[in-house]
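These notes are about the structure you will find just below.
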Amino acid sequence: RGKRAFIAGVADDNGYGWAIAKALAAAGAEILVGTWVPALNIFETSLRRGKFDESRKLPDGSLMDIVKVYPLDAVYDCPEDVPEDVKSNKRYAGSSNWTVKEVAETVKNDFGSIDILVHSLANGPEVTKPLLETSRRGYLAAISASSYSYVSLLQHFLPIMNPGGASISLTYIASERAIPGYGGGMSSAKAALESDTRVLAFEAGRKGKIRVNTISAGPLGSRAAKAIGFIEKMIEYSYVNAPLQKELLADEVGNTAAFLVSPLASAITGSTVYVDNGLNTMGLAV
Ligand code: NAD
């Protein structure tokens, strides 16, 4: 049978999560996605109405099939963690079983097991604020949504991952170099995510024979990136300064993800892999 992948963080056809889903589907994987609860309705409606059909096209001409869309809010591990105002919020009350623990249980009931876990989500409410002006609440929210969410997902999905499987997340160079504008604790969150990649690779490798890697991706004009405010500038900066002077395509990150979770990468774990046209290697803007 083909491999089964759960991809957390797909809510439209613009981001890295979508491109990863497509690359995995093209390689024959069965695709399940986890979609942020507030974005669920519009995503499912758009899917149903064929709005994504053009971008669902795979290289062989067929359309990517998303077998099931799970509502997910990766900031909450179990129902007891959900505050009253969120519980009663109209958008949340319309869905159920969207905490991490419940999603893993539902996937287990639906399919028994998965082979591939992808974390392609991040959120930092104060991302537009410099770190020096970031509140404790904003900083911790960034870490919760963007770093711990991965620990929690792997923690809850590992028991249903088949040995030999693999997991990946998406990170950004702001973890290791100062990128003015990527604020609100998001740079800290990515540093945590990369460090956790190494520790989780050890633990999940020993516990479940699962590989854990992260892709440090170059700038892409996704919905999340547009919210940060300077993405066009970053894309232009990369185009001018990177060794490869070309647009960075989401599909290039998707293809790397497909490689990293495949047997071709069977000895790669705990790594941060750059997919950025080489920009990370430069020390001087020219
Ligand atoms: P995106 O908007 O396609 O993906 C982010 C997703 O996270 C959205 O679908 C959003 O609904 C979801 N999300 C937010 N909070 C959530 C929560 N609490 N629970 C569940 N889902 C939640 O944007 P993207 O840029 O493709 O982001 C995907 C990943 O790539 C992120 O980790 C991001 O930091 C990383 N990344 C992006 C860039 C870039 O330039 N776009 C560069 C490097 C790394």
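The values are calculated or read from the model by the stated rules, or taken from the named source; none is laboratory data. Remember, predicted model here, so these are calculated numbers, not experimental data. No Cβ is skipped: glycine too gets one built from the backbone with ideal geometry, and neighbour counts run over all protein chains shown.
So for segment 89-98 (the condition being part of a helix (DSSP H, G or I), closer than 24 Å to N162 by Cβ and within 15 Å of the ligand (Cβ to nearest atom)), does at least one residue qualify? No: segment 89-98 contains no residue that is part of a helix (DSSP H, G or I), closer than 24 Å to N162 by Cβ and within 15 Å of the ligand (Cβ to nearest atom). Of the candidates A178, A204, the single residue that is among the small types (G, A, S) and surrounded by fewer than 20 Cβ atoms within 10 Å (Cβ to Cβ) is A178. Taken as a whole, the structure places M186 among residues that are near the ligand (Cβ under 10 Å from one of its atoms) and surrounded by 17 or more Cβ atoms within 10 Å (Cβ to Cβ). Could you please let me know if E102 is within 18 Å of L158 (Cα to Cα), at pLDDT 95 or above, acidic (D, E) and under 22 Å from the mean Cα position of the chain (by Cα)? In short, yes.
Residues that are more than 10 Å from the ligand (Cβ to nearest atom), polar (S, T, N, Q) and assigned to a strand (DSSP E or B) within segment 146-171 comprise N162, S167, listed in sequence order. Can you find a residue in segment 213-226 that is within 12 Å of the ligand (Cβ to nearest atom), closer than 16 Å to S147 by Cβ and polar (S, T, N, Q)? So far as segment 213-226 goes, yes, one or more of its residues are within 12 Å of the ligand (Cβ to nearest atom), closer than 16 Å to S147 by Cβ and polar (S, T, N, Q).
If only residues of segment 1-46 that are among the basic types (K, R) and touching a residue at least 60 places away in the same chain (Cβ under 8 Å) are counted, the one that is farthest from the ligand (Cβ to nearest atom) is K3. Which condition from (1) among the hydroxyl-bearing types (S, T, Y); (2) within 11 Å of the ligand (Cβ to nearest atom); (3) in a helix (DSSP H, G or I) is the one that Y239 breaks? It fails just one condition, (2). Of the residues making up segment 1-46, those that are within 13 Å of the chain's Cα centre (by Cα) and at positive phi number 1.
Pairing each residue of segment 156-171 that is farther than 20 Å from K101 by Cβ and of a type in the set (D, E) with any residue that is part of a helix (DSSP H, G or I) and away from the ligand (no atom under 16 Å from the Cβ), provided the two are 6+ apart or on different chains, yields no C-beta distance under 7 Å. Against the numbered list (1) more than 10 Å from the ligand (Cβ to nearest atom); (2) part of a helix (DSSP H, G or I); (3) out of contact with any Leu (no Cβ under 9 Å at 6 or more places or on another chain), A174 comes up short only at (1). Of the residues in segment 192-209, at least one is touching a residue at least 40 places away in the same chain (Cβ under 8 Å) and either more than 30 Å from L264 (Cβ to Cβ) or within 11 Å of the ligand (Cβ to nearest atom) (or both). Please indicate, with yes or no, whether at least one residue in segment 170-186 is of a type in the set (F, W, Y) and under 17 Å from L249 (Cα atoms). Taking every residue of segment 170-186 in turn, at least one turns out to be of a type in the set (F, W, Y) and under 17 Å from L249 (Cα atoms).
Does F259 satisfy being under 30 Å from L58 (Cα atoms), aromatic (F, W, Y) and away from the ligand (no atom under 16 Å from the Cβ)? Here the answer is yes, as F259 does meet what is asked.
For segment 181-220, the tally of residues that are closer than 18 Å to I7 by Cα, touching a Phe, Trp or Tyr at 6+ places or on another chain (Cβ under 6 Å) and of a type in the set (D, E, K, R) stands at 0. Cβ-Cβ distances below 8 Å connect the following pairs, each with a first residue in segment 216-233 that is within 22 Å of A192 (Cα to Cα), a second residue that is part of a helix (DSSP H, G or I) and among the polar types (S, T, N, Q), and a separation of six or more residues or different chains: S216/S175; S216/N280; G218/S238; P219/S238. Set side by side, the residues D65, D60 differ, and just one is touching a residue at least 40 places away in the same chain (Cβ under 8 Å) and loosely packed, with under 13 Cβ neighbours inside 10 Å, which is D65.
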